[in-house]
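Everything below concerns the one structure shown next.
The values are calculated or read from the model by the stated rules, or taken from the named source; none is laboratory data. Only a predicted model underlies this, so the values are computations on that prediction, with no experimental measurement involved. Positions of Cβ are generated from backbone atoms using ideal geometry, with glycine treated the same way; all protein chains shown enter the neighbour counts.
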Amino acid sequence: RKEVEQDPGPFNVPEGATVAFNCTYSNSASQSFFWYRQDCRKEPKLLMSVYSSGNEDGRFTAQLNRASQYISLLIRDSKLSDSATYLCVVKSATSGTYKYIFGTGTRLKVLA
Amino acid sequence: GAGVSQSPSNKVTEKGKDVELRCDPISGHTALYWYRQSLGQGLEFLIYFQGNSAPDKSGLPSDRFSAERTGGSVSTLTIQRTQQEDSAVYLCASSLRWEVRETQYFGPGTRLLVL
């Protein structure tokens with residue numbers, strides 16, 4: 001089982017739609033969580049950190065469920081420019097040190 | 001201010017040759033990370049530096065891979081005797097500190113193709 005798992009998609013949604021992605025992680029000692037966005041052939045860029053209480057940034061809402069070990073990202077009122085791959089990232093303690101584990105990403109395509 | 005820069009942006013090499021990839025982190029960032037992204041795959045965490053020290057090298061794929069950082073700034077990732085399976089995009093990132101919630105800023109990557 002992968003440490004961080006995501007549905008690869010693609011999710012094809014019309015403009016204006018609401019779309020949600022989930023990501024599960026296996027290490028219960030994971031400490032911090034992030035969503036990154038990666039455009040085709042570009043480097044990943046931080047979209048938002050994910051806090052235990054949930055957090056919102058404009059049209060984007062992130063949630064963390066430690067009991068079930070998953071995080072989610074909700075995008076409301078999708079724009080064409082939201083088309084990208086969304087990477088779930090978990091910072092986990094392992095063997096006395098820490099590692100950032102990236103999921104393989106969920107591809108989103110917003111259609112006109 | 002300048003972001004993370006990497007060089008070269010593209011590298012084509014022959015199997016068996018050594019390559020050296022360079023990363024210039026954001027000025028003042030003490031933590032530096034190396035990742036590898038193969039076609040259609042997620043990012044694979046290779047190694048990180050706190051200052052000049054790499055606490056855990058277990059993420060490096062084989063002993064052909066090594067990395068160093070000097071002066072708390074520039075880092076180089078060296079791949080000796082390259083193999084075709086080393087072909088990937090090598091991404092470097094930096095963050096201000098090695099803290100739980102520090103944001104990583106990525107460079108544009110070096111696309112390595114081993115023929």
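Per-structure values
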read-out: Qualifying residue in the range B:8-20 (condition: touching a strand residue (DSSP E or B) at 6+ places or on another chain (Cβ under 6 Å), within 14 Å of chain A (Cβ to nearest Cβ) and surrounded by fewer than 21 Cβ atoms within 10 Å (Cβ to Cβ)); value: yes
read-out: Output for the range A:1-47, where each listed residue is surrounded by 16 or more Cβ atoms within 10 Å (Cβ to Cβ), in a loop (DSSP other than H, G, I, E, B) and within 12 Å of chain B (Cβ to nearest Cβ); value: A:E3, A:S30, A:E43, A:P44
read-out: Qualifying positions in the range B:21-45 - more than 9 Å from every other protein chain (Cβ to nearest Cβ) and within 11 Å of the chain's Cα centre (by Cα); value: B:L21, B:R22, B:C23, B:D24, B:P25, B:L32, B:W34, B:R36
read-out: Selection within the range B:70-95 - at pLDDT below 95 and touching a Ser or Thr at 6+ places or on another chain (Cβ under 7 Å); value: B:G72, B:S95
read-out: A:K109 at the interface with chain B (Cβ under 10 Å from one of its Cβ atoms), surrounded by 14 or more Cβ atoms within 10 Å (Cβ to Cβ) and over 23 Å from B:A54 (Cα atoms); value: no
read-out: Test: residue in the range A:14-33 that is acidic (D, E) and without any contact (Cβ under 8 Å) to a residue 60 or more places away in the chain; value: no
read-out: Selection from the range B:12-27 of residues that are in a strand (DSSP E or B) and in contact with a Phe, Trp or Tyr (Cβ under 9 Å, 6 or more places away or on another chain); value: B:L21, B:C23
read-out: Output for the range A:57-84, where each listed residue is touching a Leu at 6+ places or on another chain (Cβ under 9 Å), of a type outside the set (S, T, Y) and not in a loop (DSSP other than H, G, I, E, B); value: A:D57, A:F60, A:A62, A:Q63, A:I71, A:L73, A:I75, A:L80, A:D82, A:A84
read-out: Test result for B:L60, buried (at least 18 other Cβ atoms within 10 Å of the Cβ), of a type in the set (A, V, I, L, M) and touching a Phe, Trp or Tyr at 6+ places or on another chain (Cβ under 7 Å); value: no
read-out: Exclusive hit being more than 14 Å from every other protein chain (Cβ to nearest Cβ) and closer than 18 Å to B:G42 by Cβ, set A:Y86, A:Y100, A:Y70; value: A:Y70
read-out: Residue tally, condition within 14 Å of another protein chain (Cβ to nearest Cβ) and either in a loop (DSSP other than H, G, I, E, B) or out of contact with any Lys or Arg (no Cβ under 6 Å at 6 or more places or on another chain) (or both), over the range B:66-109; value: 19
read-out: Residue within the range A:90-100 that is in a strand (DSSP E or B), modelled with pLDDT of 95 or more and crowded, with 17+ Cβ neighbours inside 10 Å present; value: no
read-out: The range A:52-69: number of residues that are at pLDDT below 90 and over 18 Å from A:T24 (Cβ atoms); value: 1
read-out: Residue count, the range B:42-65 (criterion: in a strand (DSSP E or B) and of a type in the set (G, A, S)); value: 1
